[in-house]
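Take a look at the structure set out below.
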Amino acid sequence: MRIMELKERVSKAVAERASLDGMRRSFETIEARQRENARRIPDLEDRKERLCKIKESSVGNEELFQEAVAVLRSNGFRVVLARTAEGALRAISDEVRDHRLVVKSKSNVTKELHLADHLKTQGVEVVETDLGDRIVQLAGCAASHPTGPACHMTRQQIAELFTGHFGRPISDDPAELTSVMRDEIADYISRAKVGITGANAVTAAEGAVVIVHNEGNAAKCAMLPDKHIIVTTPEKIVPTLDDAVNVTKLQTYLSTGKIVSSYINVITGPSYTADIEKKVYKGMHGPKEVVIVFVDDGRLDAEDKEAQRCIGCGMCLLRCPVYNIIGPVYGSPGHMGGQGVHLAGSTGKLDESVEGGLYLCTACGACTEVCPSKMDTKKGVIATRKKAREAKKGEVFDHTIALSSVRNYDNPWQVPRAQKARWSKGLDLKSTGDVLYFAGCSTSLLFPENASKVVTILRSVGVEPAHLGQAERCCGSTARKLGDDVLSREKAEGCFKDFKEAGAKTVVTSCPGCASALSRHKDLREKYKVDVKHISQFLGERMPGLRLAKLEGLGALAYHDPCDLGRELGVYDEPRRLIESVSGAAPIEMPRSKNQSACCGSGAGVRTGYPDLADAIALERVEMARASGAKTLVTACPWCVQSLRECQKGCGGIEVLDLVELIERSVRSDRK
Ligand code: SF4
Ligand code: SF4
């Protein structure tokens, strides 16, 4: 798929986002159920910690893998390691042999392999037995949640689908919908000689396969046919059954809100009896043969194995701003959202990663906050972009222009350098000094008046800031997020050299993107002995001496945490304290705030490459503010301000203010 096709798919999904209302409602239901049941899982955080340790020690652990294989074999499993996707498909086809019908339960890796399509070409019918998967199979659409694949469809849509499928009227009564499909699936299961399932975990010590499900279908696929094929991946191996139970408990709670799933099957080999003359006969009540196919396909050799820590709970999807708008358009085959594009990219499938939306991630980091494995998908996506750039894959034209502009003009919009410093005309700023104001390209060019306001604010606290004028370079943030590490580092290092030459000890910026892009280079900060602070941090430290007049008539204010300031730099309190000083009341906390903040849609090149997606994400955020009763939404980032204002063009609504605008008003009014 070419990039233009992806752009079209994204635009179409954005335009038709109402069709995913059902998915978003299901997401809310999951979170509501989690809140309801939270007290029943008091050790949730300990379980997450334990999961991180398990994944740390087991993902990519060849020794553990070999141990698991040996114990599985001694338990009577036939074990196949398929190094490639093609090898896996060949191995599974060989196992299915001349059978024409296969019943299957949920398994992401079979979707990654496009197994059903492959077997179809061999004349084998694959019937999904999970109701959601069966619905999606019949509808020919993509699954929208790992454990609720059809959660984007309404029961009316499902009834219509079933009516067409069964050739008779089926009502939208869930009892009828489940009953007709249960009967059909039961018939398929009774006839199938081969059942395929995935595995939620495989344990090395016991050589056991653990399968979790609610419908009971996976047990039937595993137990009733003569042959059970388990298709899974090496990263599903954990040391012990206790560890596997921890995985399943977390997965169930996070994906459904339930404390425990209806069924947990532990399979340690084929069915057998020794009741006749003490001789072993296989296949008494269950399958004679149990085959486990480990699909490697780039996993064991991957340099970056972080995406393999995923347990498929889907929490990241609930919070991902991109997924919430465009659903399964974002993700790689079998793996939804950012984790999917990261997994594909880190296992050598760059094309799949790019086509799945490598450049759609806003790098907001919201997914990491809720991921039980603490996967840093944002970092993984940026690393994958780096690889994609090197391989010359997937970058949209606007990103290429932005990067070349950063290189040549020190801003992403090809604006001549001289223009960047226009705001400072007449302010009589010196070029050297202890405290240097770094305006950054977004403030200088999008909101130049705010740059002057920062100077007013700094002067009001007795600080006469230095400024580099038109020599101010780009901080490297855009380049980093688009995957050009070399350019990003080069720009940041250039900045630090300039700071040193200007005699600066502290650099203050009003852009969290600049603050985080510069601060992350600890070595440069130490080498040049320069500290970088966001204006809210700088003022926060001076709070007792800060003379801020209370502004009247502001109305209800909510504060939007910019991702780069909050999750990236951990600055949450200072902007709130400043708002409280100016308005006389603490800002309204939206349901998604602080480390759980929702994204403004602007980050990591999304507004540049996919403006309609950025607008849709920003609008969601504005709606959250409005729903919380706010009349004004204050934030502390020029990119967020731009995005949150831009999305409201033509529809009016809530006022969006940069924190510096609010403080400058207060400073001015204090002088009167
Ligand atoms: S990346 Fe994390 S949050 Fe997302 S599905 Fe995997 S384990 Fe769950
Ligand atoms: S960083 Fe943000 S946009 Fe990217 S995958 Fe995570 S939640 Fe989605």
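The values are calculated or read from the model by the stated rules, or taken from the named source; none is laboratory data. If you're wondering where the values come from, they're calculated on a predicted model, not measured in any experiment. Backbone-built Cβ (ideal geometry, glycine too); neighbour counts: all protein chains shown. Only protein heavy atoms, including side chains, enter the accessible area calculation; ligands, DNA and RNA are left aside. Shrake-Rupley method; radii C 1.70, N 1.55, O 1.52, S 1.80 Å.
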Taking only C-alpha positions in region 464-564, Rg and Dmax in angstrom work out to 15.9, 48
Let me see the pair-distance distribution of region 130-192: every alpha carbon pair, 10 Å bin width, integer percents in order. 22, 56, 22, 0
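Summarise the accessible area of region 410-540 (1.4 Å probe, protein heavy atoms) by the percent that is carbon and sulfur. Numbers along the way, then the final one.
Numbers: 2210 of 4800 Å².
Result for region 410-540: 46 percent of the exposed heavy-atom area is carbon or sulfur.
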Cα-based reach from residue 550 at 15 Å (exclusive), listing aspartates and glutamates while leaving out same-chain residues under 8 positions away: 580, 661, 664, 670
Going out from 0 in 5 Å bins, what whole percent of all Cα-Cα distances in region 23-136 drops into each bin? 2, 8, 11, 13, 15, 14, 14, 12, 8, 2, 0
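Solvent-accessible area per residue for region 410-540 at a 1.4 Å probe radius, Å²?
Working: 4800 Å² over 131 residues.
For region 410-540, the per-residue accessible area is 37 Å².
Place a +1 charge on the Cβ of each Lys and Arg in the chain and a -1 charge on the Cβ of each Asp and Glu, then give the dipole magnitude about the Cα centre in debye, rounded to the nearest 20. Present the calculation step by step, with values, prior to reporting the outcome.
Numbers: 95 positive and 89 negative charges, 264 e Å.
So the magnitude is around 1280 debye.
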If you wrap a convex hull around the C-alpha atoms of region 549-671 and split its volume per residue, what is the figure in Å³? 97
Enumerate the amide H contacts of residue 588 below 5 Å, restricted to partners 5 or more residues apart or on another chain; note that Pro and chain-start residues carry no placed amide H. 557, 558, 559
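Using a 1.4 Å probe over the heavy atoms of the protein chains, calculate the carbon and sulfur portion of the accessible area of region 130-192 as a whole percent. Could you put the intermediate results ahead of the total?
Working: 1530 of 2900 Å².
Taking all protein chains in place, region 130-192 shows 53 percent carbon and sulfur surface.
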Sorted by packing (mean other beta-carbon atoms within 10 Å per residue), highest first, where do 595-603, 77-85 land? 595-603, 77-85
Highest mean packing first, using Cβ neighbours within 10 angstrom, the peptides 310-318, 145-153 sort as 310-318, 145-153
Computed over region 410-540, Kirkwood Rh from alpha-carbon pairs, angstrom: 14.4
Out of 317, 596, 75, whose Cα points farthest toward the positive end of the dipole of the chain (charges: +1 Lys, Arg; -1 Asp, Glu; placed on Cβ)? 596
Contact order relative to length of region 156-242, as percent, for alpha carbon pairs under 8 angstrom and 6 or more apart: 28
Sorting check: for 448-454, 274-280, which peptide has the highest mean count of neighbouring beta carbons within 10 Å, and how do the rest follow? 448-454, 274-280
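Send over a whole-number figure in Å² for the accessible area per residue of region 215-301, probe 1.4 Å.
On the way: 3650 Å² over 87 residues.
That works out to 42 Å² per residue.
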Could you please tell me the mean projected area of the C-alpha convex hull for region 238-367, averaged over all directions and given in square nanometres to one decimal? 10.8
Whole-percent tail of the Cα-Cα distance distribution for region 515-556, cut at 12 Å, equals 70
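Starting from the Kirkwood Rh over alpha-carbon pairs, what translational D in µm² s⁻¹ does the chain have by Stokes-Einstein at 37 °C and 0.692 mPa s? Before the final figure, lay out each step's value.
Values: Rh = 27.0 Å.
For the chosen part, D equals 122 µm²/s.
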Find how many whole Å separate the alpha carbon centroid of region 602-672 from the alpha carbon centroid of region 382-457. 20
List the aspartates and glutamates whose Cα sits under 13 Å from the Cα of residue 220, skipping any in the same chain fewer than 8 residues away. 128, 130, 187
Computed over the chain, the relative contact order (Cα-Cα under 8 Å, seq sep at least six) in percent reads 12
With respect to the cross-link table entries 420/594; 500/649; 111/305, which display a Cα-Cα separation exceeding 30 Å? 420/594; 500/649
Would you give the gap between the C-alpha center of region 483-548 and the C-alpha center of region 209-275, rounded to a whole Å? 51
With a ≥ b ≥ c taken as the square roots of the eigenvalues of the C-alpha gyration tensor of region 1-50, please select rounded if a/c is under 1.5 and otherwise prolate if a/b is larger than b/c or oblate if it is not? oblate
Per residue of the chain, what 222 nm ellipticity follows from adding -39500 (n - 2.57) for every DSSP H run with n ≥ 4, rounded to the nearest 500? -14000 deg cm²/dmol
